[in-house]
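For reference, the structure is listed below as structure tokens.
A short reminder: the numbers here are calculations on the coordinates, not readings from a lab. Computed from a predicted model, the values in this text were never measured in an experiment. As a convention, Cβ positions derive from the backbone with ideal geometry for all residues, glycine included, and neighbour counts pool all protein chains shown.
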Protein chains: 2
Amino acid sequence: MINIGLLGLGTVGSGVVEILKNRKDELKNITGQEIKVKKVLVKNINKERQVKLEKEALTDDFEQVLSDEEISIVVEVTGDLELSYKYITESLKSGKHVVTANKAVVSKYFEELSSLAAEKNLAFIYEASVGGGIPVLKPLREQLSLNEISEVQGILNGTCNYILTRMVNEGKGYDEILKIAQELGYAEADPTADVEGYDTQRKLRILATLSLQGKITEEDILLDGISSITSLDIDHIKNMDATVKLIAEASAYEDGFTAVVQPTIVKNSNYFANVNMAFNSVAFKGDNVGELKFYGPGAGKLPTANAVLSDVLDIVLDIYRKGNPLGEKVLKNYNEKIRGNYYLRISNANEEIVHSLRAIANNVLSLGSQPAILTDEIELSKLMEIITSFNIEKKDYFLARIIS
Amino acid sequence: MINIGLLGLGTVGSGVVEILKNRKDELKNITGQEIKVKKVLVKNINKERQVKLEKEALTDDFEQVLSDEEISIVVEVTGDLELSYKYITESLKSGKHVVTANKAVVSKYFEELSSLAAEKNLAFIYEASVGGGIPVLKPLREQLSLNEISEVQGILNGTCNYILTRMVNEGKGYDEILKIAQELGYAEADPTADVEGYDTQRKLRILATLSLQGKITEEDILLDGISSITSLDIDHIKNMDATVKLIAEASAYEDGFTAVVQPTIVKNSNYFANVNMAFNSVAFKGDNVGELKFYGPGAGKLPTANAVLSDVLDIVLDIYRKGNPLGEKVLKNYNEKIRGNYYLRISNANEEIVHSLRAIANNVLSLGSQPAILTDEIELSKLMEIITSFNIEKKDYFLARIIS
């Protein structure tokens, strides 16, 4: 019998219980043992729940999980950053393997938790934290043994991709589609973490640190979200035979890296153009394997629970990769070297702004009070300087890189 | 020290030696041991080779590999079907793990070799046999523990995809592009196995048998290749805002399956439309994880060698999945139930044929001696009956399913 301590019984936690129940026989066949959720940490043990569990399994006291010596694996799906840090640390310290779906805690305490687990010879794995249901961190780690990874790239946030896809497909405005997304459960009541790119930034921090084998923090990543995009932008983009995605990208650059999360206009013939709605995709390049891309559901109860349980299964079968996966390279931040071709639209522009825009334009898409241009190849830092000199608010411009 | 017996020193074999050499330190760090190619079976030990190996490593006698008790892993990359069957069987029987890149031998002897390996508690793994460098069989097997897989689909042959992509991009004819592909090494001198779909059929046999957990043989798979496609077809397809791919697909159907390899017209907004040139992609659907898709190089020296070595590494680290991955379901073949919307073009058609075509057409794209139509939804078996009744040769028509 393998006993699990489940921390959190929200969407993902319920999914974990459900899959374990539905696949009970198959899992017993494969592992030779029953996998049981012995204790579940919840805030309110008296709350009515859909999920069927023995009443005595529920507890609101983490110590009950921690002190249970029969529990060998802790599955952390609380969603709370600082509490989960405490739970994960204490679990590892008392000899329990840890699986988590929480990208925020992995991102913030990546080095510390990875070291602690390695030191204790325990698993600390987090497949569900990036790309939801897509198996991507495990293949990435495996490819690292045989490859130098030079680039990692992805559409990592289902909410943004859902909003952008529907804006492009339906020609409706940002606010209208955001409202629909909230009603359908694709966006939260407070959508900030998703639409401003913080969620994507955390996931890139994890992918980049693993891929480039050196510490790349959230602060190391240039960030721009999607909330200032308008129907006019979408019209211009469609006329370019293209679509728009929030793309995260980190690349090796000389003795360091560049790392950025930003709206990106991709030609319709580009692979990422057909990654739509709430789907995610992660791509990376290795010197031997070449370019690999992984596509699947970026979130959702069962896909995320499935990813959590593949980690659990690897621990039960003792086939997870041992040791600390993080590298010790000291990498220099070369974000000031990032350059490309950009789309820029300004709202409520005055004549002076229009004049400055024309000076850097390779192509003018619209003029008047909402000028939009395509730049020649230019350094992003230089372009940001120009935008800053306009003294306008973030909500009054939309900037996107263009890739073919 | 881990000693490998390498069977074959062609493209893939040389790649294996090269990566092992370049990644020597990293592999030693990860495994704690040196991985050495101790013996290499070749046809001619005196042939000049690019690859650097100790002279005494080469042998033309398989017994030298088999009887070497220090060799624990045999890597079979000869490319020869019956010889490789013999080598693999004998290696497993004498207690050696086996890794192969040979889809033909896996396809033909899948059940037998899987049983033998399981019985001997040895690894028999073949990541490189499907999808070249893409890690797909391992993730598929892992998802099988937690999911019922209902469908597997893919672009599995780089040669066909290269030819079709260039025909669409450049508007040139089949023969001209085939010749270019041969000159550039994307197609073999005798391209039959690729362009007629046999290679794809073998790979689908492997994917389908794993996915649906019951025996699905090559003969169970309906097969059509790409060699009869013409520039006229490409013109019609482009006018449909679409492109064309050789797609392999197996689906669960009632108490059995359907399985087919055929040219498929995909709308430009479909995921597969942006899988171009020699790239491959494999997709499957699980009831928990949802839809996963994997993309990468379908062939090539280093990508294939990389896949072979990920298998080797899993054996060295003892983290490969134990047991027989094949299921024991008895699955009924429902290929006669396959139905869809099709594109059909006939060359040198007479009036009678044109008349029959109009009767099943939802849309007529061209008339005259080269009529082309789009059908209503129709059973493939019924459509084939109609085509057979025309009494024309395979080279004189092109049939493709249409998906959106």
Item to check | Residue of chain A whose Cβ sits closest to the axis mapping A onto B, with distance in whole Å | outcome: A:ILE319, 2
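Among A:LYS138/B:LYS285; A:LYS138/B:LYS329; A:LYS293/B:LYS301; A:LYS238/A:LYS337, which pairs are too far apart, with a Cα-Cα distance over 23 Å? Each step should come with its number before you reach the end.
On the way: A:LYS138/B:LYS285 19 Å; A:LYS138/B:LYS329 30 Å; A:LYS293/B:LYS301 19 Å; A:LYS238/A:LYS337 29 Å.
Violating the 23 Å Cα-Cα cut-off are A:LYS138/B:LYS329; A:LYS238/A:LYS337.
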Checklist entry - Where Lys and Arg each count +1 and Asp and Glu each count -1, what net charge lies around A:VAL364 among other residues with Cβ under 15 Å from its Cβ? => result -2
Item to check | Exposed-site-free run, longest, chain B (rule: trypsin sites (Lys or Arg not before Pro); DSSP loop; at most 11 other C-beta within 10 Å) | outcome: B:53-404
Checklist outcome for this item: Whole-Hz Karplus couplings 3J(HN,Hα) for region B:63-74, θ = phi - 60° and coefficients 6.51, -1.76, 1.60, Gly and Pro as x, run 4, 5, 7, 4, 8, 7, 6, 6, 7, 9, 10, 9
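What average number of partner chain Cβ atoms lie no more than 10 Å from the Cβ of the residues making up A:171-184? Before the final figure, lay out the partial values.
Numbers: counts 0, 0, 0, 0, 0, 0, 0, 0, 0, 0, 0, 0, 0, 0.
Taking the mean over all residues of the peptide, I get 0.
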Next on the checklist: Just to confirm the numbers: B:LEU367, label point 7 angstrom along the Cα-Cβ line, distances to the other copies in nm, shortest first?
Outcome noted: 5.1
Item to check | Cut-off 12 Å between beta-carbons: net charge of the residues surrounding A:GLU385, Lys and Arg +1, Asp and Glu -1 | outcome: -1
Next on the checklist: I want the local charge near B:LEU66. Using Cβ-Cβ distances under 14 Å, sum +1 for each Lys or Arg and -1 for each Asp or Glu among the other residues.
Outcome noted: -3
Next on the checklist: I'd like the distance separating the alpha-carbon centroids of region B:10-74 and region A:288-345, in whole Å.
Outcome noted: 32 Å
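Could you work out, residue by residue across B:304-310, how many beta carbons of other chains sit within 10 Å of that residue's beta carbon, and then give the average as an integer?
Working: counts 2, 3, 10, 3, 0, 4, 7.
Across B:304-310, the average partner-chain Cβ count within 10 Å equals 4.
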Item to check | Estimated vicinal HN-Hα couplings, Hz - region A:164-181 in sequence order (Karplus 6.51, -1.76, 1.60; Gly, Pro = x) | outcome: 5, 4, 5, 4, 5, 5, 10, x, 8, x, 4, 4, 5, 5, 4, 4, 4, 4
Item to check | Per-copy distances of the B:LYS120 label point, shortest first, in nm (7 angstrom along Cα→Cβ) | outcome: 4.1
Item to check | Farthest positive-ward along region B:150-296 dipole, Cα basis, beta-carbon charges - from B:ALA189, B:VAL266, B:LEU232 | outcome: B:VAL266
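Direction-averaged shadow area of the convex hull around the Cα atoms of the protein assembly as shown, nm²?
On the way: hull surface 144.6 nm².
About 36.2 nm², averaged over all directions.
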Checklist entry - From the label point of A:GLU351, set 7 Å along Cα to the beta carbon, how far off in nm is each other copy's matching point, shortest first? => result 7.5
Checklist entry - Taking amide H positions as placed 1.01 Å from N in the peptide plane, with prolines and chain starts having none, which residues 5 or more places from B:ILE4, or on another chain, fall under 5 Å of its amide H? => result B:LYS36, B:VAL37, B:LYS38, B:LYS39
Next on the checklist: Using Cα-Cα distances under 8 Å and only pairs 6 or more residues apart, what relative contact order does region B:10-155 have, in percent?
Outcome noted: 15 percent
Checklist entry - Can you give the Kirkwood hydrodynamic radius of chain B from its Cα pairs, in Å with one decimal? => result 22.4 Å
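What's the longest bit of chain A with no exposed GluC sites (Glu not before Pro), using DSSP loop states and at most 15 other Cβ atoms within 10 Å as the test? Spell out each step's value before the answer.
Values: sites that count: A:GLU34, A:GLU48, A:GLU54, A:GLU69, A:GLU70, A:GLU188, A:GLU254, A:GLU328, A:GLU377, A:GLU393.
No qualifying site falls inside A:71-187, the longest such stretch.
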Checklist outcome for this item: Phi angles of region B:203-208, converted by Karplus (6.51 cos²θ - 1.76 cosθ + 1.60, θ = phi - 60°) into ³J(HN,Hα) in whole Hz with x for Gly and Pro, give 5, 5, 3, 5, 4, 5
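At 0.36 nm per residue, minus the direct Cα-Cα distance, what do A:ASP175 and A:GLU377 gain on full extension? Give it in nm, one decimal, please. Don't skip to the answer; put the middle values down first.
On the way: separation 202, 0.36 × 202 = 72.72 nm, distance 3.15 nm.
Contour length minus the Cα-Cα distance gives 69.6 nm.
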Next on the checklist: Can you tell me the orientation of helix A:380-389 relative to chain A, as the angle in degrees between its alpha-carbon axis and the longest Cα principal axis, to the nearest 10?
Outcome noted: 60 degrees
